[in-house]
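Chemist: Pasting a structure here, questions to come.
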Amino acid sequence: MNNAVMLDSGPLGKIAHPHPNPAITAWLAQLLDANVAIIIPEITDYEVRRNLLLSNLTKSVARLDQLKQILIYTPITTTIMLRAAELWAEARKRGKPTADIKELDGDVILAAQALQVDAIVATENVGHLSLFVEAKHWRDITVDANN
C-alpha cells in the first residue's frame with residue numbers, strides 16, 4: 001500500500017494559485033483528510049517557483065511558501081542526484097531519453113525523489129515519469145486508489 005503522493009509541477013502550480021480551482025482543492029483536501037502524505041519535492045518547487053517569479057506572481061510565490069510549511073517538503077540530496085543520474089543513463093541506454101542530452105532532466109530528479117520515499121507522483125504528464133516510478137494523473141489518484 002502506498003500512502004504518499006508527490007506533486008509534480010502541474011498540480012503544485014494549480015494548488016499554489018491564490019484562488020485554486022475547486023477540483024484541485026477538493027482533491028487535495030480528500031487526500032489530506034485520509035492522512036495521505038502530500039509531498040512537495042524540491043525539484044518541483046524550483047520548476048513552479050521560477051515561473052511564478054518570472055511572471056511576478058508574488059501572491060502565488062507566497063502561497064507556495066505557505067504550502068511548504070503545511071505539506072511535506074523533500075529537499076534534493078546527493079543520494080537523490082546520484083539515483084537521478086542512474087535513471088537518466090538507464091533511460092538513454094534503453095533508447096527512451098526524457099530530455100535533450102544537454103538539459104538538466106527534472107523528470108529523473110523528481111522520479112529519484114519519489115523512489116526515495118515510495119510515493120506515487122501526481123502529474124498531468126504521466127508519460128516520461130512512468131518510465132521510472134508510479135505516476136498517475138492527479139485526478140486519478142483517489143483515497144480508494146491509495147487504500
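Chemist: Any residue at all in segment 87-101 that's surrounded by 13 or more Cβ atoms within 10 Å (Cβ to Cβ), farther than 20 Å from Gly13 by Cβ and among the β-branched types (Val, Ile, Thr)?
Modeler: no
Chemist: Of (1) at pLDDT below 95; (2) in a strand (DSSP E or B), Met6 satisfies all except one. Which?
Modeler: The one condition Met6 does not meet is (1).
Chemist: Additional query: Considering only residues that are free of Cβ contacts under 8 Å to residues at least 12 places away in the same chain and more than 17 Å from Gln66 (Cα to Cα), which ones fall in segment 1-32?
Modeler: Listed by number, the residues that qualify are Asn21, Pro22, Ala26.
The rows are residues; the columns are (1) acidic (Asp, Glu); (2) assigned to a helix (DSSP H, G or I); (3) within 24 Å of Ala111 (Cβ to Cβ).
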{"residue": "Lys14", "(1), (2), (3)": "no, yes, yes"}
{"residue": "His19", "(1), (2), (3)": "no, no, no"}
{"residue": "Ile24", "(1), (2), (3)": "no, yes, yes"}
{"residue": "Trp27", "(1), (2), (3)": "no, yes, yes"}
{"residue": "Leu31", "(1), (2), (3)": "no, yes, yes"}
{"residue": "Ile40", "(1), (2), (3)": "no, no, yes"}
{"residue": "Arg49", "(1), (2), (3)": "no, yes, yes"}
{"residue": "Asn56", "(1), (2), (3)": "no, no, no"}
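Chemist: Taking the stated definitions as given, is Ile43 within 15 Å of the chain's Cα centre (by Cα), more than 14 Å from Leu71 (Cα to Cα) and either of a type outside the set (Lys, Arg) or crowded, with 16+ Cβ neighbours inside 10 Å (or both)?
Modeler: Answer is yes for this residue.
Chemist: What single numbered condition from (1) surrounded by 14 or more Cβ atoms within 10 Å (Cβ to Cβ); (2) closer than 21 Å to Val36 by Cβ; (3) touching a residue at least 60 places away in the same chain (Cβ under 8 Å) fails to hold for Glu124?
Modeler: (1)
Chemist: Is there any pair linking a residue in segment 70-97 that is part of a strand (DSSP E or B) to one that is among the acidic types (Asp, Glu) and surrounded by 15 or more Cβ atoms within 10 Å (Cβ to Cβ), with Cβ under 8 Å and at least six apart or on different chains, and which?
Modeler: Listed pairs, sorted by first residue: Tyr73/Glu42; Tyr73/Asp45; Thr74/Glu42.
Chemist: Asp107 - would you say it is outside any loop (DSSP other than H, G, I, E, B), farther than 19 Å from Thr142 by Cα, in contact with a His (Cβ under 7 Å, 6 or more places away or on another chain) and not aliphatic (A, V, I, L, M)?
Modeler: yes
Chemist: Considering each residue of segment 56-86, count those that are surrounded by fewer than 18 Cβ atoms within 10 Å (Cβ to Cβ) and farther than 28 Å from Pro20 by Cβ, and give that number.
Modeler: Within segment 56-86, residues that are surrounded by fewer than 18 Cβ atoms within 10 Å (Cβ to Cβ) and farther than 28 Å from Pro20 by Cβ number 7.
Chemist: Another question, if that's okay. I'd like the full set of residues that are farther than 24 Å from Asn51 by Cα and either in contact with a helix residue (DSSP H, G or I) (Cβ under 6 Å, 6 or more places away or on another chain) or acidic (Asp, Glu) (or both), limited to segment 64-87.
Modeler: Arg83, Glu86, Leu87
Chemist: Only one residue in Pro20, Pro11 is surrounded by 14 or more Cβ atoms within 10 Å (Cβ to Cβ) and out of contact with any strand residue (DSSP E or B) (no Cβ under 8 Å at 6 or more places or on another chain). Which one?
Modeler: Exactly one of Pro20, Pro11 is surrounded by 14 or more Cβ atoms within 10 Å (Cβ to Cβ) and out of contact with any strand residue (DSSP E or B) (no Cβ under 8 Å at 6 or more places or on another chain), namely Pro20.
The values are calculated or read from the model by the stated rules, or taken from the named source; none is laboratory data. Everything numeric in this text was worked out from a predicted model, so none of it was measured. Here Cβ is always computed from backbone atoms with ideal geometry, including for glycine, and neighbour counts include all displayed protein chains.
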